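Engineer: Dumping the structure here so I can ask a few things about it.
Values quoted throughout were computed directly from the atomic coordinates according to the rules given, and no laboratory measurement underlies them. Predicted model, so just to flag it, every value in this text is computed and none were measured. Methodologically, a virtual Cβ is constructed for each residue, glycine included, from the backbone with ideal geometry; neighbour enumeration extends over all protein chains shown.
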Amino acid sequence: MPGEQKSSLAFRNNMENTTIRRPFKADAPVKEGPRSNREIRIPKVQLIDAEGQNLGVVPTDQALRMAEEAGLDLVEISPNTEPPVCKILDLGKLKYANQKKAAEARKKQKIVEIKEIKMRPNIDTHDYEVKMKAMNRFFEDGDKVKVTLKFRGREMAHQELGMKLLLQVKDDTTEIAKVEAEPKLEGRQMMMVLAPK
């Protein structure tokens, strides 16, 4: 009897420690684009034929037959209406047109970068002019510019020189740029962000 209790206790402890492994199940692939043909599982749809004529509410199987007879696809255009609006059209052409539209949109968008110009409070006039030319070039390209002023050693005692320099940069760029972040001191450096107008 005591031996049986021991073995059942050991068996119970063993069961508590084992985890039940379920087979790995991959997520179902997410379909992009509208539902089409046999994926449309509603009894009735608002149907628009290949010529753009509204045929009214039609049973889905009849709409599918009409699409097959025309050698085209039944595509859900507006799924959130009651009943959903479906159109008979060439799904391949629709996907191609959508891809082309997306590519055009990507081509048109410009990624704005933040370029950094580093200066010192006691910058030489020639160096200043070179930095300003570079800054103007960045603005022409549509990029923002972060002007960073580094103070070393005793220069920290003369922060007004740094502020004066940043205000001069601001004045020299008023025609083509606007201040996005006013000059501020962070540790041993002063920063200001300018954006093209």
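Engineer: Run the numbers for residue 159 and residue 101: contour at 0.36 nm per residue of separation, minus the present Cα-Cα distance, in nm. If you can, show how the numbers build up before the last one.
Structural biologist: Working: separation 58, 0.36 × 58 = 20.88 nm, distance 5.24 nm.
Fully extending the segment from residue 159 to residue 101 adds 15.6 nm.
Engineer: Now, a different point. Cα gyration tensor of the range 31-184, axes a ≥ b ≥ c as square roots of the eigenvalues: rounded (a/c below 1.5), prolate (a/b > b/c) or oblate? Don't jump to the answer; show the numbers that get you there.
Structural biologist: Numbers: a/c = 5.50, a/b = 4.34, b/c = 1.27.
Prolate is the answer for the range 31-184, as a/c is 1.5 or above and a/b outweighs b/c.
Engineer: If you don't mind, there's one more thing I want to ask. Could you tell me which of the pairs 115/150; 118/197; 100/144; 150/178 are separated by over 27 angstrom between their Cα atoms in the structure shown? Don't jump to the answer; show the numbers that get you there.
Structural biologist: Details: 115/150 16 Å; 118/197 22 Å; 100/144 30 Å; 150/178 22 Å.
Correct reply: 100/144.
Engineer: Something else now. Multiplying the sequence separation of residue 91 and residue 42 by 0.36 nm and subtracting their Cα-Cα distance, what value in nm do you get? Don't jump to the answer; show the numbers that get you there.
Structural biologist: Details: separation 49, 0.36 × 49 = 17.64 nm, distance 1.93 nm.
Extra length from residue 91 to residue 42 when fully extended: 15.7 nm.
Engineer: Can you give the FRET efficiency to the nearest 0.05 for residue 195 and residue 62, using r as the Cβ-Cβ distance and R₀ = 45 Å?
Structural biologist: On the way: r = 58 Å, r/R0 = 1.30.
E(calc), rounded to 0.05, equals 0.15.
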